[in-house]
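Report on the structure given below.
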Protein chains: 2
Amino acid sequence: MIETKDADVIVLGAGLAGSLLAVYLGRRGLKVKVFERRPDPRKAGYAGGRSINLALSHRGIWGLSGVGLEGAVLKHALPMRGRIMHPVKGDLAFQPYSADPSECINSISRGALNIALLDAAERTPGVTVEFGREAWAYPSTEGLSANDWPSRPIDKTSAGNLTVGRLRAPVYIATDGAYSFTRHHCTARDRVDYSQSYLGHGYKELHIPSAADLGLGSGHDGWALDPQALHIWPRGGAMMIALPNPDRTFTCTLFWPWEGPHSFANLKSDADVGAFFERHYPDVPPLMPTLAADFAKNPTSSLVTIRCWPWVWSEQGSSVALLGDAAHAIVPFYGQGMNAAFEDVRVLDDCIGRRSGLTPEALDEYQRLRKPNADAIADMALDNFVEMRDKVGSPAFLYKKRLEQLVHTLAPDRFTPQYNLVSFSTVPYAEAQRRGRELDHLLERLIPVIPADKAASMGEAAWKARVAALLHELAPR
Amino acid sequence: MIETKDADVIVLGAGLAGSLLAVYLGRRGLKVKVFERRPDPRKAGYAGGRSINLALSHRGIWGLSGVGLEGAVLKHALPMRGRIMHPVKGDLAFQPYSADPSECINSISRGALNIALLDAAERTPGVTVEFGREAWAYPSTEGLSANDWPSRPIDKTSAGNLTVGRLRAPVYIATDGAYSFTRHHCTARDRVDYSQSYLGHGYKELHIPSAADLGLGSGHDGWALDPQALHIWPRGGAMMIALPNPDRTFTCTLFWPWEGPHSFANLKSDADVGAFFERHYPDVPPLMPTLAADFAKNPTSSLVTIRCWPWVWSEQGSSVALLGDAAHAIVPFYGQGMNAAFEDVRVLDDCIGRRSGLTPEALDEYQRLRKPNADAIADMALDNFVEMRDKVGSPAFLYKKRLEQLVHTLAPDRFTPQYNLVSFSTVPYAEAQRRGRELDHLLERLIPVIPADKAASMGEAAWKARVAALLHELAPR
C-alpha cells in the first residue's frame with residue numbers, strides 16, 4: 001500500500017483517450033495528473049499522430065456525451081452519409097451507410113478534437129496536465145510507481161531541464177497509444193498474453209486543395225468532391241480514401257502494400273508516381289497539384305493490430321491499467337479506433353459508479369467488459385479492409401448491400417447490418433459481430449434464390465415481395 | 001559501418017544454444033565474445049532454468065555432431081525407448097517410440113550438458129566467455145551495439161565492480177532464452193510481428209529418490225521405476241511425467257491448470273496434496289517421501305509460446321539476430337526446445353559456409369530456412385500436450401498408434417509417423433508436420449473400416465493382411 005501520493009490517479013498520455021478520461025475522472029472528484037510526452041499542441045502546433053482526420057460515429061459521441069462534450073465537438077465535424085466509389089473508368093457510385101438518412105459518420109480533425117478535449121480537461125477541477133513529460137508505469141514490488149522520468153529525454157538539449165523524480169498514485173492509467181511504453185514494460189511480466197501483428201500494407205497521406213484553390217469554380221459548395229461522403233478508390237488489394245475537412249480540402253490516404261506491383265516500393269521517381277496515378281487513379285492527378293512532391297515528402301507508416309491480456313495489474317494497493325489504443329490498437333478500416341477508446345472511457349466511468357470508486361474491482365470489471373469487444377472490433381476492422389479494397393466496387397457486393405438494407409427494412413427488430421450496429425449504435429462490438437454473421441449467413445442463402453440479374457429483371461416491387469416471402473420462410477419469426 | 005570492434009561476433013547468453021553456437025563460430029575462425037548474466041555454473045553451482053532434465057533426440061545430436069561433441073554428451077544420457085503410462089487403476093502400459101528399437105530419446109541433465117558445452121566453448125580458440133554480465137543488443141542508428149552494461153545489475157552489492165562500457169561487433173546473436181532482453185527491445189521496432197501466448201497450465205517439479213533410498217531393494221537396476229522409458233500419468237486436462245537421472249533418481253514434472261478442480265490453486269495444504277495424490281496418482285506417494293514439502297517449496301512456473309518475425313536486423317554494416325528460445329520458445333511437450341536450438345546452430349553454420357562468412361546474407365538465409373520450421377514445431381508441441389494429457393491413456397489412441405506403426409512397416413518409404421520424423425530424423429519440422437497430417441488422414445480412413453474391436457477379433461496376421469490390402473486401395477503407389 002502506498003503511503004503518500006501525488007495524485008489519486010495518474011494518466012499517461014494526453015491524446016484523445018487520455019484527455020477525455022481526465023475529464024471523467026475529474027468529474028468523479030478525483031485528483032488527476034496527466035503527463036504527455038509531446039509539447040502542448042495549443043502552443044507548439046499539433047504534432048500528434050499522422051492521421052489528421054478521423055471518423056467520429058455513435059459510440060464516440062456516446063463517450064463524449066457522458067460529460068456533455070458532444071455539441072462542442074460536433075460543431076467542428078462534417079457528416080458523411082455514405083461511400084462514393086471512384087472506379088478506374090465509369091461513373092462514381094454512391095452507397096449510403098444507412099437506410100436512415102440521419103445516420104452518418106463525422107469527419108473530424110484529430111488536432112482540433114484533441115485541443116477541445118485538452119481544454120475541457122484543464123477546465124475540470126482537480127485535473128492538471130503537464131507536457132513534455134515522458135512517463136510510464138509498471139507494477140513493481142514496491143507498489144506500482146511511475147518510473148523516474150524523463151527516462152528517455154525528449155531531446156538532448158532539454159533533458160537537463162526536466163525534473164527527475166518518482167511520482168506515486170494508487171492508480172496509473174496508460175493512454176499512450178498503440179506503442180504504449182507502459183504496455184511494453186508490462187508485457188515482460190509473467191503470464192501476459194500479447195501480440196502485435198503488422199499488415200503487409202502501409203499508409204501515406206495526400207492532399208486535395210479546395211475547389212477555389214484548384215480553380216474549379218464553386219465545385220461542391222467549395223469542395224473539389226462531394227463533402228457529404230467518404231470517397232473510396234477500391235483497387236483490389238490496395239485503395240485510396242478521402243475525407244473532407246472544414247477548410248474545404250480533403251485528406252486522402254493511400255493504403256497500399258509495401259511491396260509488389262501496386263506498392264510503395266514500386267514507385268521510385270516523381271515520374272513513376274505521376275504515371276501510376278494517371279493509370280490507376282485517373283481522376284486524382286487533376287485534384288492534386290502537389291501529388292509527386294507530397295508522395296515523396298510524406299511518411300509511409302505501418303498498420304498494426306495489438307492484442308493484450310490482461311489490461312489491468314493490481315498489487316499491494318495500487319493498479320496499472322491500459323485503455324484505448326494502448327490496450328487494443330486496431331487497423332483504421334472501420335473508423336473505430338477513437339470511437340472504441342471513447343467507449344472504453346465511458347464504460348470505465350460506469351464501472352467506477354457501480355463499484356463506488358476507482359478501485360481494483362472497478363478496473364477489473366472494466367477490462368472484463370471491454371476485452372471481448374476489443375477483440376471483436378479488431379477482427380471486424382481487418383475484415384473491413386478486405387471489403388473496402390476488394391469488394392466495395394463489385395456489382396455482386398453492391399447487390400448484397402441492397403439486399404441487406406431491404407432485409408433490415410422488412411425486419412428491423414431482428415436484422416440490422418453489422419456496419420450500422422458498429423457505427424450507429426452502442427450494441428457491444430462482440431454482439432454486432434455475432435449478429436452481423438447471422439445476417440450474412442441469411443444473405444448467402446437468399447442470393448442464390450434471387451441473384452442480382454433475376455432481381456434486375458423482376459422490378460422493385462416484385463423483388464421486395466419475393467424477398468419478404470423468402471425471409472418468412474428462411475427465418476420465421 | 002562500425003570502425004573499431006571488440007569481437008567479430010558477440011553472443012548474448014551462454015546457455016545451451018549460446019555455448020554450442022560459440023563452438024561453431026570459433027571453429028569458423030571468428031573472434032567470439034560470449035556474455036552470460038548468471039555466474040559461472042562450474043564455480044557457483046548450476047543456477048539455470050528450472051527444468052533440470054531434457055530429452056535429447058536426433059536433431060540435437062546432429063547439432064552436436066557437427067563439432068564432434070555428441071559422444072561426450074551422450075555418455076551422460078539415459079536412453080528412453082518409449083512411454084510407460086500409469087493409469088489411476090490397473091496395469092502400466094508401455095508404448096515404444098519406434099518400431100526400430102535403436103530409436104530412442106535421451107534423458108540428460110541440463111546442468112551437466114551446459115557445463116560440457118561451456119568447457120568445449122572455452123577450449124575453442126578465439127572464444128571467450130564472461131559471466132555475471134547482462135548485455136543486450138539492439139539495432140540503433142549508430143550501428144548495432146551492445147547496450148551499456150550492466151544495464152540491470154545482477155545484484156546490488158556487485159554492481160559497483162562491473163565494468164560499464166560499450167562493446168562493438170559487426171554481429172550480435174542473442175541466445176538469451178524465452179525471455180530474451182534483446183528480443184524485448186527489438187519488438188519495439190516498426191513492423192516486427194510478435195506474440196507471446198501462455199498456456200492455462202503451469203509446471204512444478206517433484207522428485208523420486210533412488211530405489212535404495214526408498215528402501216525398495218534393487219528396484220529396476222537401482223531406479224524406483226523402469227529407467228528406459230519416459231513415464232506419464234495422463235489425467236485428461238492435466239498430467240505428470242518422470243524422466244530418469246544418472247544418479248538413479250527421477251525428476252517428475254506436474255503439468256496442471258493454474259485454476260480449477262485438478263489445479264495448483266486447488267491444493268492449499270500439505271493434507272490437500274497428500275489426499276489429492278492418493279486419489280489421482282495413487283502409485284506416486286510411496287515413491288515420494290518428500291512430496292508435500294517439495295510441492296510447497298518448489299516454484300510453479302509458466303509455459304509460453306513465443307513467435308517473432310523477423311529474427312534478424314541488419315543495418316549500417318552490423319546485424320542483430322535471435323537464435324533458439326529467444327527466437328521461438330515453445331512448450332516442452334515434444335521435447336524439442338533444445339533440439340530445435342541445436343538445429344538452428346548447425347543450420348546457421350551451414351549458411352555461414354555457403355555464404356562464405358557470417359554476413360547479413362548468411363543471417364537472412366538462416367532466418368528464412370528456420371522460421372517455417374520453428375512455427376511448425378511450436379504448433380506440434382502444443383498439439384502433443386493434448387495428446388499426452390488427454391489421449392495417450394485411451395484404448396482408441398493406443399490402437400491408432402499400433403496401426404500407424406504397421407502402416408509405417410508396410411510402406412516405410414512413404415509413411416513415417418510424425419513423432420519419428422520429429423524425434424529420429426532431420427526432416428524439416430514443417431515437412432514432418434505436413435507428412436504427419438497426411439498419415440493421420442489415412443489412419444482416420446482406415447480406422448472406421450478396421451476398428452479396434454474388429455482387429456482384436458481377427459488375429460494379428462489377418463489384421464496385417466487386411467491393413468496391407470486397404471493401404472493398397474486407399475493410397476496406391
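Say each of residue A:275 and residue B:93 gets a label point 7 Å from the Cα, pointing the same way as Cα to Cβ; how far apart are those two points in nm? So the label points at residue A:275 and residue B:93 sit 7.0 nm apart. Here the Karplus relation 6.51 cos²θ - 1.76 cosθ + 1.60, evaluated at θ = phi - 60°, turns the backbone of region A:342-358 into coupling constants of 5, 5, 3, 4, 6, 5, 4, 4, 4, 5, 4, x, 5, 9, 6, x, 7 Hz, with x for every Gly and Pro.
Projecting the Cα atoms of B:245, B:318, A:44 onto the charge dipole of the protein assembly as shown (Cβ charges, centred on the Cα centre) puts B:245 farthest toward the positive pole.
So how do B:311, B:463 line up by other beta-carbon neighbours within 10 Å, fewest first?
On the way: B:311 26, B:463 18.
Going from least to most buried by this count: B:463, B:311.
Counting only the Cα atoms, region B:323-477 fills a convex hull of 113 Å³ per residue.
The gain in end-to-end length when the residue B:356 to residue B:263 segment is fully stretched comes to 28.2 nm, 0.36 nm per residue minus the alpha carbon separation.
For residue A:464, the point set 7 Å out from Cα toward Cβ sits 7.6 nm from its twins in the other copies, listed from shortest up.
How well do other chains shield peptide B:196-203, expressed as the mean number of their Cβ atoms within 10 Å of each residue Cβ? Numbers along the way, then the final one.
Working: counts 8, 4, 6, 1, 1, 0, 2, 0.
If you average over the peptide's residues, the count of other-chain Cβ atoms is 3.
Net charge in the neighbourhood of residue A:458 (other residues with Cβ under 12 Å of its Cβ; Lys, Arg +1, Asp, Glu -1) is +1. Label-to-label distance for residue B:450 and residue A:123 is 8.3 nm, based on points extended 7 Å past Cα in the beta-carbon direction. When residue B:300 is represented by a point 7 angstrom out along its Cα-to-C-beta vector, the spacings to that point in the other copies are 5.0 nm, nearest first.
Divide the volume of the convex hull of the Cα atoms of region B:220-373 by its number of residues and quote the answer in cubic angstrom per residue.
On the way: hull volume 25.2 nm³, N = 154.
It is 164 Å³ per residue.
For residue B:286, the distances from its label point to the matching points in the remaining copies are 9.4 nm, ordered from shortest, with each point set 7 Å beyond Cα toward Cβ. Helix B:110-123 sits at what angle to the longest principal axis of chain B, using alpha carbons and giving 0 to 90 degrees rounded to 10? Tilt relative to chain B: about 40 degrees. Over all pairs of different C-alpha atoms in the protein assembly as shown, the reciprocal of the mean inverse distance, the Kirkwood hydrodynamic radius, equals 31.9 Å. Put a dot 7 Å past each Cα toward the Cβ at residue B:402 and residue A:465; how far apart are the dots in nm? Between residue A:465 and residue B:402, the simple spin-label model gives 6.8 nm.
The phi-based Karplus calculation (6.51 cos²θ - 1.76 cosθ + 1.60; θ = phi - 60°) puts the 3J(HN,Hα) values of region B:58-63 at 4, 5, x, 5, 4, x Hz, whole numbers, x for Gly and Pro.
Each principal axis of the Cα cloud of region B:336-398 was evaluated for its coordinate range; sorted largest first, these ranges are 54, 15, 14 Å. Among the chymotrypsin sites (Phe, Trp or Tyr not before Pro) in region B:159-253, those located in a DSSP loop and surrounded by at most 15 other Cβ atoms within 10 Å of their own Cβ are B:179.
Would you mind working out the magnitude of the charge dipole of the protein assembly as shown relative to its Cα centre, with +1 at each Lys and Arg C-beta and -1 at each Asp and Glu C-beta, to the nearest 20 Debye? Please report the intermediate quantities before stating the final value.
Values: 104 positive and 106 negative charges, 38 e Å.
So the dipole magnitude of the protein assembly as shown works out to roughly 180 debye.
Cross-link partners of residue A:43 among lysines, defined as those whose alpha carbon lies under 28 angstrom from its own and excluding same-chain residues fewer than eight positions apart: A:31, A:33, A:75, A:156, A:204, A:297.
Please get the size of the charge dipole for region A:417-477, origin at its Cα centre, with Cβ charges of +1 on Lys and Arg and -1 on Asp and Glu, quoted in debye to the nearest 20.
Taking the Cα centre of region A:417-477 as origin, the dipole is about 120 debye.
Taking amide H positions as modeled 1.01 Å from N, with prolines and chain starts lacking one, the residues under 5 Å from residue B:127 and 5 or more places away or on another chain are B:32. So the label point goes 7 Å from the Cα of residue B:102 along Cα→C-beta, right? Which residues of region B:321-365 then have their backbone N under 18 Å from it? Output list for this probe position: empty.
Would you mind ranking A:73, A:34 so that the residue whose beta carbon has the fewest other beta carbons within 10 Å leads the list? Before the final figure, lay out the partial values.
Details: A:73 21, A:34 28.
Lowest to highest Cβ neighbour count: A:73, A:34.
To the nearest ten degrees, helix B:429-449 and the longest principal axis of the Cα atoms of chain B are 10 degrees apart.
Both the radius of gyration and Dmax for region B:262-315 are 18.7, 60 Å, in that order, over alpha-carbon atoms. Of all residues in chain B, the one whose Cβ lies closest to the rotation axis carrying B onto A, together with that distance in whole Å, is B:195, 2. Footprinting exposure proxy ranking of A:423, B:210, A:356, fewest other C-beta atoms within 10 angstrom first, gives A:356, B:210, A:423. Ordering A:385, A:399, A:367 by the projection of their Cα atoms onto the charge dipole of region A:348-417, which places +1 on the Cβ of Lys and Arg and -1 on the Cβ of Asp and Glu, puts A:399 at the extreme positive end.
Only helical runs count toward this figure. For chain B, summing -39,500 (n - 2.57) over DSSP H runs of n ≥ 4 and dividing by all residues gives -12000 deg cm²/dmol at 222 nm.
Remark on residue A:263: its backbone amide H falls under 5 Å from none of the residues 5 or more positions apart or on other chains, H modelled at 1.01 Å from N.
Could you tell me the number of lysine pairs in region A:356-477 with C-alpha atoms less than 15 Å from each other, where the two lysines are 8 or more residues apart or belong to different chains? Please list the in-between numbers first.
On the way: A:391/A:400; A:391/A:401; A:400/A:454; A:400/A:464; A:401/A:464; A:454/A:464.
Eligible lysine pairs with Cα atoms under 15 Å apart amount to 6.
The mean of 1/r over all distinct Cα pairs in chain A, once inverted, gives the Kirkwood hydrodynamic radius of 24.0 Å.
Rule-based calculations on the coordinates, nothing more; no lab input. No experiment lies behind these values; they were computed from the predicted model shown. As a convention, Cβ positions derive from the backbone with ideal geometry for all residues, glycine included, and neighbour counts pool all protein chains shown.
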